[in-house]
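The values are calculated or read from the model by the stated rules, or taken from the named source; none is laboratory data. Since the structure is predicted, the reported quantities are computational estimates derived from the model, not experimental observations. We place every Cβ from the backbone using ideal geometry, glycine too, and count neighbours over all the protein chains shown. Accessible surface is based on the protein model in full, side chains and every heavy atom, while ligands, DNA and RNA are left aside. Shrake-Rupley method; radii C 1.70, N 1.55, O 1.52, S 1.80 Å.
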Amino acid sequence: MSEIGATPLQIDLRRHLREHDEDRDLTRLICEIADASKYIINAISTGDLGMAGTSNLYGEEQLALDVLSDRIITKRLAHSGVVANIASEERDDIVEVDPDCEGKFSVAFDPLDGSSLVDVNLAVGTIVSIYRGCSLMRPGREQVAAMYILYGPRTTLVYSTGNGVHEFGMNSLMEYTLNYENIRMDEGRARIYSPGGQRSQYSAGTEKFAQYLETNGAKLRYSGGFVPDINQVLIKRSGLFMYPHLKNAPEGKLRLLYELNPMAYLIEQAGGAASDGRRRILDIRPEKIDDRAPVFIGSSEAVAMAEQCIAEMD
Ligand code: F6P
Ligand code: MN
């Protein structure tokens, strides 16, 4: 990413990573993904909205955009020279890039989360989880970095390597420049809430928790896209997103490797919390690449209250 044209106030992503003494190869990896996102923006804005004619591991029909976004990122990662293994929400198997994992990273990602919202022109995103070495089947706590890119009216990128959470915005030169450094969630009650899943399918504990949020003045703010919904909680510094265990879907909907672990890492880095209702998301040891889990994520007070309601009622 070029620094030409950057004013002293505009710290770009690569410079930010360098100034924070990040590992050179990790810097390279994060910047490769940031570069890949420029092609995804173009695909979203102008590309084919139709079906790809294939389905993913979850039985969901893939859009042409899902497949294209996956190819854009996979290709970048495979040629980066710093990646060992790749897992994508849109692929059935792990892609082995380099069997020699020494000094390399393994990456799990959701190339275009919320892609079914593109036809109604709502925001979507890319979510990325990064581990050192070969294995992706590890608790989220072992991630060395996580990031997401939000394609909304503006494009923003949020990353953490364990040294705070930082947000960048794309400028007119298609460079990511720093908006907020070290984002911290406020203490206290959640001011907004984003409840996924059908309410008639909520357990008694989740229903009690939803009523707690409502009676304590939390306002409903739900877009149906995980990335914009989480981003709202993070950037507003308060709120709660949930996609709980449902009577007809005990594991909820969202995917541990591709969606929950990276978001839990980012929200915890900002002083929030993430739980499946009984244990921290980052402590869950995955058994399969397509594991799902329920999630309650955002302001710590609200997540603790969700756990309390579930312990009492479920
Ligand atoms: O990939 C998952 C996703 O599209 C998320 O972006 C969103 O939070 C959730 O699914 C919405 O689920 P549902 O389709 O059940 O409303
Ligand atoms: Mn997704």
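How high is the relative contact order of the chain? Use alpha-carbon pairs under 8 Å, at least six apart in sequence, and give a whole percent.
Working: 701 pairs, mean separation 48.6, N = 314.
For the chain, the relative contact order is 15 percent.
Taking Rh as the Kirkwood radius computed over C-alpha pairs, what is the Stokes-Einstein D of the range 89-196 at 20 °C in a medium of viscosity 1.002 mPa s, expressed in µm² per second? Intermediate values should be presented prior to the final figure.
Working: Rh = 16.2 Å.
Value of D from the Cα-based Kirkwood radius: 132 µm²/s.
Positive end of the dipole of the chain, charges at C-beta (+1 Lys, Arg; -1 Asp, Glu), about the Cα centre: which of GLY133, HIS166, ILE41 has its Cα farthest in that direction?
HIS166
Output the lone cysteines of the chain: those with no second cysteine's C-beta under 4.7 Å from their C-beta.
CYS31, CYS309, each lacking another Cys Cβ under 4.7 Å.
Roughly how many Å is it from the Cα centre of the range 127-199 to that of the range 239-286, as a whole number?
Each part reduced to its Cα centre gives a spacing of 14 Å.
Along each of its three principal axes, how wide is the spread of alpha-carbon positions in the chain, in whole angstrom units, largest first?
Principal extents (largest minus smallest coordinate, Cα): 54, 45, 40 Å.
Which of ILE40, ILE11, ILE297 ends up with the largest GNM mean-square fluctuation for the chain, with Cα atoms connected below 10 Å?
Answer for the Gaussian network model of the chain: ILE11.
Probe of 1.4 angstrom, ligands and nucleic acids ignored: what's the accessible area per residue over the range 183-293, in square angstrom?
About 41 Å² of surface per residue is accessible.
Toward the positive end of the charge dipole of the range 219-314, about the Cα centre and with charges on Cβ (Lys, Arg +1; Asp, Glu -1), which of PRO262, LEU220, VAL303 goes farthest?
LEU220
Given axes a ≥ b ≥ c from the Cα gyration tensor, I'd like to know whether the range 13-180 is rounded (a/c under 1.5), prolate (a/b larger than b/c) or oblate.
Numbers: a/c = 1.92, a/b = 1.16, b/c = 1.66.
The shape class here is oblate.
Give, to the nearest whole percent, the P(r) tail of the range 29-115 beyond 19 angstrom, counting all Cα pairs.
Values: 1425 of 3741 pairs.
Here the tail beyond 19 Å accounts for 38 percent of pairs.
Hey, for a label at GLU207 modelled as a point 7 Å past Cα toward Cβ, could you say which residues of the range 287-314 have their backbone N under 16 Å away?
309-314
Carbon and sulfur: what percent of the chain's accessible surface (1.4 Å probe)? Please report the intermediate quantities before stating the final value.
Values: 6340 of 13350 Å².
The computed percentage sits at 47.
So what are the three principal axis dimensions of the range 232-314 from its Cα atoms, in whole Å, longest to shortest?
Cα extents, longest axis first: 31, 30, 20 Å.
Taking chymotrypsin sites (Phe, Trp or Tyr not before Pro) as exposed when DSSP calls them loop (any state but H, G, I, E, B) and at most 16 other Cβ atoms lie within 10 Å, what is the longest stretch of the chain free of them, the sites themselves excluded?
On the way: sites that count: TYR58, TYR222.
Looking at the chain, 59-221 is the longest stretch - no exposed chymotrypsin sites (Phe, Trp or Tyr not before Pro) with at most 16 other Cβ atoms within 10 Å.
List the pair-distance distribution P(r) of the range 207-246, using every Cα-Cα distance, as the percent of pairs falling in each 10 Å bin from 0 up to the bin containing the longest distance, rounded to whole percents.
27, 55, 18
Which GluC sites (Glu not before Pro) from the range 212-314 combine a DSSP loop assignment with at most 12 other Cβ atoms within 10 Å? Could you put the intermediate results ahead of the total?
Working: sites: GLU214, GLU251, GLU259, GLU268, GLU287, GLU301, GLU307, GLU312; in loops: GLU251, GLU287.
Those that pass, being in a loop and sparsely packed, are GLU287.
Over the range 1-159, average the accessible area per residue using a 1.4 Å probe and give it in Å², no decimals. Walk me through the intermediate numbers first.
On the way: 7070 Å² over 159 residues.
Here the per-residue accessible area is 44 Å².
About its Cα centre, what dipole magnitude does the range 62-110 give when the only charges are +1 on Lys and Arg Cβ and -1 on Asp and Glu Cβ, stated in debye to the nearest 20? Present the calculation step by step, with values, prior to reporting the outcome.
On the way: 5 positive and 11 negative charges, 54 e Å.
The calculated dipole for the range 62-110 is roughly 260 debye.
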